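The values are calculated or read from the model by the stated rules, or taken from the named source; none is laboratory data. Only a predicted model underlies this, so the values are computations on that prediction, with no experimental measurement involved. FYI the Cβ positions are ideal-geometry reconstructions off the backbone, even for glycines, and counts take in every protein chain you see.
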Amino acid sequence: MPDSRTEEEITLTASGSTAASVPAASILVVDDEAGIRESLEVLLGFENYMVTTATNGEEGLHLVEHDNFDLVLLDLALPGQSGLELLPQFKERQPDLPVIMITAYGTVDHVVEAIRAGAENFVQKPWDNEKLLADIRSAIARRRAEEENIQLKRTLKQRYNFANIVGKSESMLKVFDLVAQVAPSRSTVLILGESGTGKEVIAKAIHANSPRKDKPFVPINTGAMPSELLESTLFGHVKGAFTSAVASKKGLFEVANGGTLFLDEIATMGLDTQAKILRVLQDKRFMHLGGIQEIQVDVRILAATNIDLRQAVREGKFREDLFYRLNVITVDLPPLRARREDIPLLAQHFLDLYAAENDFPPRRLAPDAMRALMDYDWPGNVRELENAIERGVVLSSGPVIGPDLLPGHITGRSFQDVLLEHNPNSSLFDILEVIERRIIVEKLERCNWNQTEAAEQFHIPLSTLNQKIKRLNIEIRKKGRD
């Protein structure tokens, strides 16, 4: 059943707060009309907001410089400088301060200019009280969620020295505590979790908080290459070891010497390679392919998988002795659907990340877009959420990201509905082409933009998928984070 809560209610529920526990918000009203100031003081006072008023822009700017406000209601037509001229100055003093513009005669051009300059919203006089209060609640809830996100990151950094890890759910706090405990040790760690839960991010956090932090962190996806190439990559080879070995080459064990080697998708390795990995774990020694001299290394192994290794052992697909060598300490990452209270924080984290990466002004999610994220089950976990937010930021033309910029399978809107809303006269060929394009893009997003994996899931040759990508002008994006 769709979630009918407001963005504010979702945010407060996610943070475990109630209305009674949230401090009263402080609002600055900047308007030269005494009647407007008094009306807003009465209206906002009924909602228990703390209201401060200013009669002109200069007075308002002075107040913002010396006090902290949660929101500004700024009149467009002010004596001296207009609200549009003052808006950038308010933003310069407090970049994250939400500003709602108020006017009696705003035009479409005014609205567009104000939104581009960073206004939260644009309200026409005479306003609808309930609509205005809803806009104010939404803006304040969003700002407090952003502040909470910043404070949470600061706390995690101070307590754990974790980077790019966001979460406040009980299950993730347990993960953070475990990572902080095991990071300083030399023990092998096995990281379990569904695809997209952030296993590599956790591996990097373990390395960054270990005595090896100044040495290399070397990740490798062991499921992305055939056995012979994988062994050559891990252990290196001597010249002439195989047909294409025209020169000797170091392996990743040597590259990671003194540091950490992260073996992702460990369950996909062949049994012969598993035996060689086991020997390195036991003896800290190995030989180049085709070589006869043993090489000693000091490497900490972190491994990850989304496969049940115990079941793989029972089926004879994974060595039991290697399993017990790897399974010294286990970090089990919960799927995103099991920690929904982290979704608003993660969404804001990715909004900030991709707005900055694309040199965009700050972006925010519309309430109905946030509800869609909260209602979705996230089979692709954090990676899928990240891809959805990146998509929304890249496609957005203004500060607000609505549900129309999220993938259709998340919002529940069909491809045909989205297409026909914008192109009611589209031909059947046009509709089918757009649907095919969106199906391929969303499959690639779910596969972390791995074309080989997407082709396998489509049950078509890779060459066929590549031809479709070229014909449909699909831009291949960089791979996200596991």
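Across region 209-220, what is the total count of residues that are touching a residue at least 24 places away in the same chain (Cβ under 8 Å) and either touching a helix residue (DSSP H, G or I) at 6+ places or on another chain (Cβ under 7 Å) or surrounded by 18 or more Cβ atoms within 10 Å (Cβ to Cβ) (or both)?
Summing the residues that are touching a residue at least 24 places away in the same chain (Cβ under 8 Å) and either touching a helix residue (DSSP H, G or I) at 6+ places or on another chain (Cβ under 7 Å) or surrounded by 18 or more Cβ atoms within 10 Å (Cβ to Cβ) (or both) in region 209-220 gives 8.
Go over the candidates Arg391, Arg339, Arg364 one by one and state the one that is in contact with a helix residue (DSSP H, G or I) (Cβ under 6 Å, 6 or more places away or on another chain), closer than 27 Å to Ile115 by Cβ and touching a residue at least 40 places away in the same chain (Cβ under 8 Å).
Arg364 is the lone residue from the list that is in contact with a helix residue (DSSP H, G or I) (Cβ under 6 Å, 6 or more places away or on another chain), closer than 27 Å to Ile115 by Cβ and touching a residue at least 40 places away in the same chain (Cβ under 8 Å).
When you check Gly259 against the structure, is it more than 26 Å from Arg314 (Cβ to Cβ), surrounded by 15 or more Cβ atoms within 10 Å (Cβ to Cβ), modelled with pLDDT under 95 and not assigned by TED's automatic domain parsing to the domain that holds Asn387, yes or no?
The answer is no for Gly259.
Residues that are over 28 Å from Val201 (Cβ atoms) and out of contact with any Leu (no Cβ under 9 Å at 6 or more places or on another chain): does region 230-240 have at least one?
Yes - at least one qualifying residue is present in region 230-240.
Looking at (1) assigned by TED's automatic domain parsing to the domain that holds Pro403; (2) over 24 Å from Ile150 (Cβ atoms), find the lone condition where Lys317 falls short.
(1)
Pick from region 108-128 the residues that are in contact (Cβ under 8 Å) with a residue 12 or more places away in the chain and either part of a strand (DSSP E or B) or among the acidic types (Asp, Glu) (or both): which of them is farthest from Glu92 (Cα to Cα)?
So, considering only residues that are in contact (Cβ under 8 Å) with a residue 12 or more places away in the chain and either part of a strand (DSSP E or B) or among the acidic types (Asp, Glu) (or both), the one farthest from Glu92 (Cα to Cα) is Gln124.
Going through region 94-114 one residue at a time, which ones are out of contact with any Asp or Glu (no Cβ under 6 Å at 6 or more places or on another chain), at pLDDT 80 or above and not hydrophobic (A, V, I, L, M, F, W, C)?
Selection gives Gln94, Pro95, Asp96, Thr103.
Anything in region 115-144 that is at pLDDT below 75 and touching a Leu at 6+ places or on another chain (Cβ under 9 Å)? List them, or say none.
Correct list: Ala117 only.
For region 433-451, which positions are of a type in the set (A, V, I, L, M), over 13 Å from Glu390 (Cβ atoms) and either at pLDDT 80 or above or surrounded by fewer than 18 Cβ atoms within 10 Å (Cβ to Cβ) (or both)?
Ile435, Ile439, Ile440
What tally of residues in region 265-318 results from selecting those that are surrounded by 12 or more Cβ atoms within 10 Å (Cβ to Cβ) and in a loop (DSSP other than H, G, I, E, B)?
Qualifying residue count for the region: 15.
Of the residues that make up region 347-365, is at least one closer than 26 Å to Arg186 by Cα, within 17 Å of the chain's Cα centre (by Cα), of a type outside the set (Asp, Glu) and at pLDDT 90 or above?
no
Of all residues being surrounded by 18 or more Cβ atoms within 10 Å (Cβ to Cβ) and out of contact with any Lys or Arg (no Cβ under 8 Å at 6 or more places or on another chain) in region 154-173, which is modelled with the highest pLDDT? Just the residue, please.
Selected residue: Lys168.
For region 371-402, what are the residues that are surrounded by 22 or more Cβ atoms within 10 Å (Cβ to Cβ) and modelled with pLDDT under 90?
Ile401
If a residue has to be more than 18 Å from Asn448 (Cα to Cα) and either at pLDDT below 95 or over 24 Å from the mean Cα position of the chain (by Cα) (or both) to count, how many in region 188-201 make the cut?
2
Show the residue pairs meeting these rules: Cβ distance below 6 Å; 6+ apart or different chains; first residue within region 245-256 and touching a residue at least 60 places away in the same chain (Cβ under 8 Å) and more than 23 Å from Pro219 (Cβ to Cβ); second residue crowded, with 20+ Cβ neighbours inside 10 Å and not small (Gly, Ala, Ser).
none
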